Amino acid sequence: MTFVHPSVLRRRLLLVPAVAIALTAAACGGGSGAGSGHGGDMTSMSGSAQAAPSPAVSPAASGASSSGMAGMATYPPVTPGPPATGATNDVDMMFANDMIPHHGQAVQMADMILAKTGNPQVKALAERIKAAQSPEIAAMTGWLKGWGATPPDPYAHAAGMAGMQHGGMMTAEQMGQLDKATGGAADTLFLNQMQEHHTGAVDMAKGELENGTNPEVKKLAQAILTSQTAEIAEMKAMVTALG
């Protein structure tokens, strides 16, 4: 199948509601206002289509963090999983392309807190996040390669997401705050940031479930929706307990 680069796909996805709004405004005498696609799920994935896209980076480039943060680990190249089977559309491809760096940043955040937390609950949660999301990165990398696309580097923060902050991705400043935090303040910051991060992933998963085609991709999206919704509730309770 022909691969459509995510930056091109985002422009196509955003063009449809823009045309619909223009036609509606013309029919109603040119009123002002903004429309929303389907509850914001697709726009949460697409962000600002006019931003200059960052080049996709091969998984072989993984391993060198450019942040210079003391708590940032170095990661080996990703070993891709097998190709996906079944029909695939552009939404499936965009979901995998965006979720790889999203998961990668979650793994980085988990490693940062594991390096300094003394809280057994926080440690268990971070280890669980790593155990779930690292294999999913490998699976999605294999899917993109099978579709003829170049997978983004999971650990280059916004790689593959056109340099845009969306979907709950942490900014460089937020990652620096987590890197510098210590003690109970670090635990609380991690839990609050990861709630935001998970909320973005849940929104992205909903968009895939509504508009994707491939059964393997939709199965992963459902697993992310289920597990991360539960973890958000768990983290809220943990923050309350920490005071």
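The values are calculated or read from the model by the stated rules, or taken from the named source; none is laboratory data. Treat the numbers as computed from the prediction; the structure is a model and nothing was measured. Virtual Cβ from ideal backbone geometry, glycine too; neighbours counted across all protein chains shown.
Selection over region 206-218 of residues that are of a type in the set (A, V, I, L, M, F, W, C) and in contact (Cβ under 8 Å) with a residue 60 or more places away in the chain gives a count of 1. Residue-level check: of (1) under 24 Å from E173 (Cα atoms); (2) of a type in the set (A, V, I, L, M, F, W, C); (3) in a helix (DSSP H, G or I), A73 misses just (3). When we screen T141, T117, T199, T188 for residues that are assigned to a loop (DSSP other than H, G, I, E, B), on the phi < 0 side of the Ramachandran plot and not small (G, A, S), the only hit is T117. Residues in region 120-160 that are over 18 Å from the mean Cα position of the chain (by Cα) and within 26 Å of A186 (Cβ to Cβ) were compared, and the one that is surrounded by the fewest Cβ atoms within 10 Å (Cβ to Cβ) is P120.
Name the single residue, out of those in region 181-205 being of a type in the set (D, E) and in contact (Cβ under 8 Å) with a residue 40 or more places away in the chain, that is nearest to Q121 (Cα to Cα).
As a first pass, look at region 181-205 and keep what is of a type in the set (D, E): 187, 196, 203.
Okay, now just the ones that are also in contact (Cβ under 8 Å) with a residue 40 or more places away in the chain, so 187, 203.
Numbers: D187: 10, D203: 26 Å.
Per the criteria, the residue is D187.
Looking only at region 77-108, filter to residues that are of a type in the set (A, V, I, L, M, F, W, C) and closer than 12 Å to D153 by Cβ; which one of those is nearest to the chain's Cα centre (by Cα)? Looking at residues that are of a type in the set (A, V, I, L, M, F, W, C) and closer than 12 Å to D153 by Cβ, I get I100.
Name the residue that is surrounded by the most Cβ atoms within 10 Å (Cβ to Cβ), counting only residues in region 187-210 that are of a type outside the set (A, V, I, L, M, F, W, C) and in contact with a Leu (Cβ under 9 Å, 6 or more places away or on another chain). Step by step, filter region 187-210, then rank; the result is E208. Name every residue in region 219-243 that is free of Cβ contacts under 8 Å to residues at least 24 places away in the same chain, among the charged types (D, E, K, R) and either outside any helix (DSSP H, G or I) or in contact with a helix residue (DSSP H, G or I) (Cβ under 9 Å, 6 or more places away or on another chain) (or both), in order of residue number. Listed by number, the list is empty, since nothing qualifies. Of the candidates T213, T199, T171, the single residue that is farther than 17 Å from D90 by Cα, modelled with pLDDT of 95 or more and of a type in the set (V, I, T) is T199.
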